[in-house]
Amino acid sequence: MDQNLAKYLPFTESTAYILLALVEPLHGYAVMQKVEEMSQGTVKVGPGTLYGAFTTLESEGLIVKVGEADRRKTYALTEKGKTVLKEHIRRCELMAENGRMTKDW
């Protein structure tokens, strides 16, 4: 993995779900709903957390604002965001695989 991209990892669970939700362009409220749905209710993102994350992720070039209507800003993943998210998922899969192989539970 490119060391320039590795500096963004690891993501918090909330950030990973926010990015995963933004595989398709969505506005903030829709992201909050999708995160809760995808996580089966285990992750709930409030407006303060979400908009703070949007600011950070946009400044890092991982998401981009793609539209605005009626005060609703719509965001989507950038190519860089997709690449970093894929690496995060790969790392999580590796950890899960190692966990499944552990016999001393």
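Nothing in this text is a laboratory measurement; each read-out follows from the coordinates by a stated rule. Remember, it's a predicted structure, so these values are computed and weren't measured experimentally. We place every Cβ from the backbone using ideal geometry, glycine too, and count neighbours over all the protein chains shown.
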Straight-line reach check, Lys103, cutoff 17 Å on alpha carbons, 8 or more apart in-chain or any other chain, hits among lysines -> none
Give the cross-link partners of Lys82 among the aspartates and glutamates, using a straight C-alpha distance below 17 Å as the criterion and excluding same-chain residues fewer than 8 apart.
Asp2, Glu13, Glu24, Glu58, Glu60, Glu93
Could you pull out every residue, at least 5 positions away or on a different chain, whose amide H is within less than 5 Å of the one on Lys73? Hs are placed 1.01 Å off N in the peptide plane, and Pro or chain starts have none.
Gly28
Nearest 20 debye, what's the magnitude of the dipole of the chain about its Cα centre given +1 on Lys and Arg Cβ and -1 on Asp and Glu Cβ?
40 debye
Applying the gyration tensor rule to the Cα atoms of the chain (axes a ≥ b ≥ c; rounded if a/c under 1.5, else prolate if a/b exceeds b/c, else oblate), the class is oblate
Add -39500 (n - 2.57) for each DSSP H run of 4 or more in the chain, then divide by its residues: what number comes out at 222 nm, to the nearest 500 deg cm²/dmol?
-17500 deg cm²/dmol
